[in-house]
Amino acid sequence: MAQARIGLIGLGTMGAALALNIAEKGFPIAVWNRTTEVTRRFAAEAGPLAPRVIPAGTLEALVAAIARPRTIILMVPAGEAVDAQLDALAPLLEADDLVIDAGNADFHDTNRRDEAGLPFRFLGMGISGGEEGARHGPAIMGGGAAADWDRVAPVMTAIAARAEDGAPCAARMGDAGAGHFVKMVHNGIEYADMQMIAEVYGLMRDGMGLEATAISRIFEGWNGGILSSYLVEISAAVTAARDPHTGAAMPDVILDRAGQKGTGRWTAIEAQHLLAPIPVIEAAVMARNVSARLDERDAGQARFGAGAGPCALEPAALEQALIAGKILCYAQGFAMIGAASDSFGWTLDLPQIARVWRAGCIIRSTMLNDMAEALAEDPGRNLILAPFFAELIDRAMPALRQVVSQGIAAGHPLPALASGLMWFDMMRTARGTANLIQAQRDFFGAHGFERLDGIADRHGPWGGTD
Ligand code: 6PG
């Protein structure tokens, strides 16, 4: 008997949290996991929400439990598992049923699935906020046909996080893979935000000799200002935490090898395809890759000695450096989204994306309110040129320059902050050095160049011709 408003497949950490969120907002939900015991346990532990949870023992039972036209959310690992699940659902669903892939899919896969002509409706949806967000209010980035989004919008806006002004952080980004694309860039920015925080943490720990608790207090202070954000907040929390086994500060007992599931890497790869400069994100991905090479780093330290020496910096300068780095990084990320919009014909709404990221997601921050406003003034203008952010940059850039130059002079690796600074200096140099690149290209390959003076000669006096 059809009683559920919606169905959900995949009761892992995120799927289970999302299902409870949906039930809590008043929508009866049918759930199925390929391991029956997981489904049974989930329903048994749903507590007061149990009356709105319908556990299904089979995929057929799941489909039968959902009211027509059906909506089913997939929360299974990205990649082949999604294709396998779509294949399994195909014979069971009707043309106007809707399947939503809410995992961290590669947006190319979402485009492919959308174009493949599935025998049912299909949406790709990026969901951010980790387990806590999924349970109590994530940010939701949808992709697919507007009519399909409209169908599920009541559920999505009910379960999404709310920004300070009460607006739900859920929206349709555009067609097909647009939602997963925006989620991918979100994750790239997430990597960069985390890396820049880790870099100033390194300066405080290794350059200024601060203990984790002192660093925690500094992060906490920053979280009350312009840098107010989830990632600074949790950085204060993790540096304050003590290891129950040894009593040491938690960060001091954790191996410095960062994991990654690939979304940051995808962002960097896609940026190259789009010719979109996102050096801060690329540096963050690179830093994770270097972090994984523990043996080589040991050998490097044994041969060359440890780099990071004392570095006299004030926390206030680090705060300003982080403010500058953050603005530069987001300016790059939004510009990349703009490039994708043009390239893929998506008409992505940059201010709306900033608004959706204001709450619920991992990169949520106070600054995104101002970014949304600045982008709304002129979505085509680089964020660093918006008057509000240009003034912040004017104030913060001397500190970024000081922190990067002193840090680098003392041997501290600061790839993300330094990449932001390099990009900024390029962005404010009207006449750069690519004239020499063009001359070299013409010299060895007769590739031609444009002249400044309008004379109609595309080649230098080294023998090249068209
Ligand atoms: C989110 C996160 C999440 C991501 C994790 C881990 O928005 O909730 O981006 O989707 O999977 O943060 O990512 P990595 O393993 O690549 O660090």
| Which whole-Hz ³J(HN,Hα) couplings does segment 63-78 yield from phi under the Karplus relation 6.51 cos²θ - 1.76 cosθ + 1.60, θ = phi - 60°, glycine and proline marked x? | 4, 5, 7, 9, 5, 7, x, 7, 10, 10, 9, 9, 10, 10, x, 4
| field | Helix 230-240 axis, angle to the chain major axis (alpha carbon atoms, nearest 10°) | value | 80 degrees
| task | Treating the angle as unsigned and between 0 and 90°, give the value, to the nearest 10°, between the Cα long axis of helix 146-159 and the longest Cα principal axis of the chain. | result | 90 degrees
| said: Taking amide H atoms as placed 1.01 Å from N in the peptide plane, list the residues 5 or more away in sequence, or in a different chain, whose amide H sits under 5 Å from that of VAL31. | reply: LEU8, ILE54, ALA56
| Spacing of the two label points (7 Å from each Cα toward its C-beta) at ALA306 and ALA90, in nm | 5.8 nm
| request: With 10 Å bins from zero, work out the P(r) of segment 124-191 over every alpha carbon pair and list the percent per bin. | output: 24, 53, 23, 0
| task | List the equivalent ellipsoid semi-axes of the chain in whole Å, largest first, each obtained as the square root of 5λ for an eigenvalue λ of the Cα gyration tensor. | result | 42, 30, 21
| note | Descending packing, highest mean Cβ count within 10 Å first, for 97-110, 384-397 is 97-110, 384-397
| Which FRET efficiency, nearest 0.05, do ASP453 and THR347 yield, Cβ-Cβ r, R0 51 Å? | 0.85
| request: Could you check the simple spin-label distance between ARG242 and ARG293, using points 7 Å along Cα→Cβ, in nm with one decimal? | output: 3.9 nm
| task | Evaluate the relative contact order of the chain (contact order divided by residue number), counting alpha-carbon pairs under 8 angstrom at least 6 apart; express in whole percent. | result | 13 percent
| request: Report the paramagnetic label zone for ALA146: residues of segment 156-195 whose backbone N is under 14 Å from a point 7 Å from Cα along the Cα-to-Cβ axis. | output: 172-176
| note | Sequence order, segment 37-47: Karplus ³J(HN,Hα) from phi using 6.51 cos²θ - 1.76 cosθ + 1.60, θ = phi - 60°, Hz rounded, Gly and Pro as x, gives 4, 5, 4, 4, 5, 4, 5, 5, 9, 6, x
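Just so you know, all these numbers are worked out from the coordinates, no wet-lab data involved. Please read these numbers as outputs of a predicted model, since none were measured by experiment. So basically every Cβ, Gly included, is an ideal-geometry build from the backbone, and we count neighbours across all protein chains shown.
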